[in-house]
1. Tally the residues that are assigned to a loop (DSSP other than H, G, I, E, B) and either over 21 Å from the mean Cα position of the chain (by Cα) or not assigned by TED's automatic domain parsing to the domain that holds K265 (or both), restricting the search to segment 96-154.
2. For segment 300-415, which strands (runs of 3 or more DSSP E) that fit wholly inside it have 3 or more residues that are over 21 Å from R171 (Cβ atoms) and in the same structural domain as L11 (by TED's automatic domain parsing)?
3. For I224, indicate whether it is surrounded by fewer than 23 Cβ atoms within 10 Å (Cβ to Cβ) and either assigned by TED's automatic domain parsing to the domain that holds S172 or under 23 Å from Y175 (Cα atoms) (or both).
4. Could you list, in sequence order, the residues of segment 2-49 that are outside any helix (DSSP H, G or I) and not β-branched (V, I, T)?
5. Consider V73 carefully, then state whether it is closer than 18 Å to A284 by Cβ and within 26 Å of the chain's Cα centre (by Cα).
6. Count, please, the residues in segment 241-263 that happen to be touching a residue at least 40 places away in the same chain (Cβ under 8 Å), among the aliphatic types (A, V, I, L, M) and within 27 Å of E56 (Cβ to Cβ).
7. Take segment 85-143 and flag every residue that is small (G, A, S) and either crowded, with 18+ Cβ neighbours inside 10 Å or touching a Pro at 6+ places or on another chain (Cβ under 9 Å) (or both).
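The values are calculated or read from the model by the stated rules, or taken from the named source; none is laboratory data. As the structure is a computational prediction, the values presented were derived from the model and not from experiment. Cβ placement follows ideal geometry from the backbone for every residue including glycine, while neighbour counts extend to all protein chains displayed.
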Amino acid sequence: MYSKFNINENLIKNVNEQESLIRDKYSYIDEICEYNQLKVLKAFIDSKVSESHFAESTGYGFNDIGRDKIEEVYSRVFCTEDALVRQQIVSGTHAISIALFSILRPGDNFLSITGLPYDTLSATVGLNNQPSSLKEYNIGFNFVDLINDDFDFSIIKESINSNTKLIFIQRSRGYTDRNSISIDKIQKVISFLKNINKDLIVLIDNCYTEFVFKNEPTEFGADIMCGSLIKNPGGGLALSGGYIVGKKNLINKCADKLTAPGIGKEVGVNFNQNRNVLRGLYIAPQIVSNALKLVLLYSKVLNQHNINTIPMYNDEISDIVIAIKLGNKEAIEDFCNIIQSTSPVDSFLKPTSSDMPGYDSKVIMAAGCFVSGASIELSCDAPIREPFYAYLQGGLSYSQGKLALMMFLNKYFNK
């Protein structure tokens, strides 16, 4: 079938040969997938999910048993005291912003130990003097850069003072050229932080990393963790939403911020999305494993063609994103157009770069998705700036991702 897309036969053979060389690594991904699938299944069984939990509620959403059941399942999956999983949370950035505004008070400081936060979170912090930011509320911010993709423990310790209330950790790379943070490094740094001050609140940006490993940061002492339902845990079925999981007192504060003090978690309808949210979570480990295999395949094949990627083929894979260094704007646009052309939705459209809310440079996005902007589906985006990386993520279908890779190679290396 690949030849029906006008792919050179020798190129198809070469990609298949490279694929055969990484089957042992696929087996490791399958092992993690099986573990996480059983973990999720046990959460469903222990929570006694039933068909009645798919029912729709209206108005305020009082006594919405499906919404409450979703949050019970999430708290079991992520091994936390409580969870807030809502359609009203529009993105991972929104979930993190809710958590920060809920926990921090004027005069508090918080410290990012993974460098500057992702572009869309910069406005929340107040790095660009955005109105209504944390800075406007006299909440201080500082950051410590990573050293060789790992935590700088000595500088972290020096940077924590009596006003430091919260430590922020962004696991994925965002639009940077670093590797994502593995769960082993997360476990080590949380232990280090709690030994400095057990009352420090550790907040994890978990976007793109759910179900990549057998454990999640909340299993190792993270106090609160945030993510998006149109990334990993939504399984490609959740139409919108975000989650916040963690300690019950912190989740209650987040719920009060999302709705209103005194109302908290008691209201908020899910717009007849309970079934999709639960079913998406159930299949999420399988979908994540597809995405991880594509990261491995792209790195193996592109590295063979002297194209640098993060991660490289032999690196540990810590999220579903692969950064591909293409070197110039034209190559990024070509790559994104190829991703779009192999999409099941809007394959005939041509992505172009434009200004995007929350970004300081033009951004191009290829996303022929069933859910608009869903980065668990095969998509690619890139800021149009040096050093010109394209960021590919997701993949409901492994074959679609493999085809897109072949079509890119067919254009540039079909000599």
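1. Let us first name the residues in segment 96-154 that are assigned to a loop (DSSP other than H, G, I, E, B), namely 104-108, 113-118, 126-134, 138-139, 144-146, 148-149, 151-152.
Subsequent filtering for residues that are either over 21 Å from the mean Cα position of the chain (by Cα) or not assigned by TED's automatic domain parsing to the domain that holds K265 (or both) retains 104-108, 126-134, 138-139, 144, 148, 152.
Residues that pass the stated criteria total 19.
2. By residue number, 363-366.
3. no
4. Answer for segment 2-49, where residues must be outside any helix (DSSP H, G or I) and not β-branched (V, I, T): N6, N8, L21, K48.
5. yes
6. Count: 5.
7. Result: S91, G92, A95, S97, A99, S102, S112, S122, A123, G126, S133, G140.
Here is a yes/no grid of residues against (1) over 21 Å from the mean Cα position of the chain (by Cα); (2) touching a residue at least 12 places away in the same chain (Cβ under 8 Å); (3) outside the structural domain of S162 (by TED's automatic domain parsing); (4) farther than 25 Å from N163 by Cα:
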{"site": "K194", "(1), (2), (3), (4)": "yes, yes, no, no"}
{"site": "E210", "(1), (2), (3), (4)": "no, yes, no, yes"}
{"site": "L229", "(1), (2), (3), (4)": "no, yes, no, yes"}
{"site": "L239", "(1), (2), (3), (4)": "no, yes, no, yes"}
{"site": "K265", "(1), (2), (3), (4)": "yes, yes, no, yes"}
